[in-house]
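Sharing a structure, written as structure tokens. Questions coming.
Nothing in this text is a laboratory measurement; each read-out follows from the coordinates by a stated rule. Fair warning: this is a prediction, and the values are worked out from it, not measured in the lab. Note: ideal-geometry Cβ built from the backbone for every residue, glycine included; neighbour counts use all protein chains shown.
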Amino acid sequence: MPTYNRYPIAFDHGEGVWLYDTAGNKYLDAISGIAVCPLGHKHPAFTKALIEQSQKLIHTTNLYSIPLQEKFAAKLCQDSGMQQVFFGNSGTEANEAAIKVARMYGHNKGIALPQIIVMEGAFHGRSMGSLSATYNTKHQEGFAPLLEGFLRVPLNDVEAIDKCLSENSGVVAIMLEPIQGESGINPCTASYLEAVQALCDEHDLLYILDEVQTGNGRTGLYFSFQHSSIQPDVLTTAKGLGNGFPVGACLIGGRAIDVMQPGHHGSTFGGSPLASAAGLAVNQAIHDENLMQNAQQQGNKIRTALQDNLADMSGFKEVRGLGLMLGIELSIPCGELVNLAREKGLLITVQMDKVIRLLPPLIISDAESQIIIDTLTLLIKEFCNEH
Ligand SMILES: Cc1ncc(COP(=O)(O)O)c(C=O)c1O
């Protein structure tokens, strides 16, 4: 189906942060398959783990114990402070699980029509539940009726949540992305995240964080909520979790423990031996290769350099984000920059017309970060001068 407006390019192979198209041209992949490849392409330990596990056992079923899945879950819990994990195959599925946990939590408390507070600008996926939690009307148009049970408030506005809670009964959860990715790299402030925690504690609500894009080391810590002093009840992640092997996870702790019981949810493929081996290899590389530290260092370097180089340009607004999840906002629409950058061998995306998004692999070197800085500085200056 023509569900994507595709660019006229196809890739043949990759190595590290580099992708090679079918004509042999080389590109620095500053998108990582949209935040999916923290280890870049053709990472030796990751490839070895996939090969070895596929020669041993690929799939059984969740009707049996899967020791690798248990090991993977334990590692994720150790890295997040969560207690239990449900494995699916995508971010959308992780969020569907989270929405179901919230509804069951409400029903267990005798709430017949549970409501979840969600954010303006949110992106949680394209299935009917996650699409209903998503903000973008462009994604929702034509798919009514959407699911009921979502209340919408502006991001970084504690009073709006307070008001929403006082005007509505049956609220069971607050769901948000610590940094909104699809709507243009919009970070929540630490004080906001902490105030939401206080509201969840006060009103006995589940605190649901969607770290599908921000998780797995991208922002410089394993999960981006760890930049503030909060602990969610439900945490979803995917994208970087499997470095391109489809894995999604919904982690629970705190008030969400014991909400889900046998028969409440399931997945044929989720947490298979192969998916778990892939996830474990990513987790190990993130730790062994100090990729969180590298994300912080390279992210700071790119952010500071672009901010300095572009500060005087009319048309440039700001660089924001954390670690290697960065947005460069211009005051003019700049979608054209995606093609112009590709012509110069750099892969980027532009969100909401005006925000250049960078999500390079976490293995990026100092010299490769410099290529991003130099290429983008030149391109943005030329673009702003011409427009
Ligand atoms: C924050 C967030 N949540 C959920 C999703 C959906 O994930 P997937 O495309 O793996 O279903 C995305 C995808 O961009 C995302 O950025």
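In a Gaussian network model over the chain where Cα atoms closer than 10 Å are linked, find which of ASN156, ASN294, ASN62 has the largest mean-square fluctuation.
The residue that fluctuates most here is ASN62.
Per DSSP helix of 4 or more residues, -39500 (n - 2.57); summed, then divided by the residues of the chain. What does that give at 222 nm, rounded to the nearest 500?
Helices in the chain give a 222 nm mean residue ellipticity of -12000 deg cm²/dmol.
Next question, about the same structure. Summarise the long-distance tail of P(r) for the chain by giving the % of C-alpha pairs beyond 34 Å. Walk me through the numbers on the way to the answer.
On the way: 20809 of 74691 pairs.
Here the long-distance tail beyond 34 Å is 28 percent of all Cα pairs in the chain.
A follow-up question, please. How big is the charge dipole of the stretch 44-288 about its Cα centre, in debye rounded to the nearest 20, if each Lys and Arg gets +1 on its Cβ and each Asp and Glu gets -1 on its Cβ?
The dipole of the stretch 44-288 has a size of about 780 debye.
I would also like to ask the following. Describe numerically, in nm with one decimal, the distance between label points set 7 Å from Cα along Cα→Cβ at ASP204 and at MET128.
3.0 nm
So, counting K/R as plus one and D/E as minus one, what does the shell of residues with Cβ under 10 Å around THR214 add up to?
Taking every other residue near THR214 into account, the sum is -1.
Output the pairs from LYS109/LYS239; LYS26/LYS354; LYS354/LYS381 with a Cα-Cα distance over 22 Å in this structure; if there are none, say none.
LYS109/LYS239; LYS26/LYS354
Restricting to the chain, what percent of DSSP beta bridges are antiparallel, rounded to 5?
Details: 32 of 49 bridges.
Taking every DSSP beta bridge with both residues in the chain, the antiparallel ones total about 65 percent.
With the dipole of the chain worked out from charges on the C-beta (+1 for Lys and Arg, -1 for Asp and Glu) around the Cα centre, which of SER127, LEU221, CYS334 lies farthest toward the positive end?
Among SER127, LEU221, CYS334, the one farthest towards the positive end of the dipole of the chain is SER127.
Work out the length of the dipole vector of the stretch 79-153 about its Cα centre, built from +1 on the beta-carbon of each Lys and Arg and -1 on the beta-carbon of each Asp and Glu, and round it to the nearest 20 debye.
Using Cβ point charges on Lys, Arg, Asp and Glu, the stretch 79-153 gives about 160 debye.
Using all alpha carbons of the stretch 131-195, what is the percent of pairwise distances in each 5 Å bin, ordered from the shortest bin to the longest?
4, 14, 24, 23, 20, 13, 3, 0
Once you keep just the Cα pairs under 8 angstrom separated by 6 or more residues, what percentage relative contact order results for the chain?
23 percent.
Multiply the residue gap between ASN168 and HIS287 by 0.36 nm, knock off their C-alpha separation, and tell me the result in nm, one decimal place.
Answer, rounded to one decimal: 38.5 nm.
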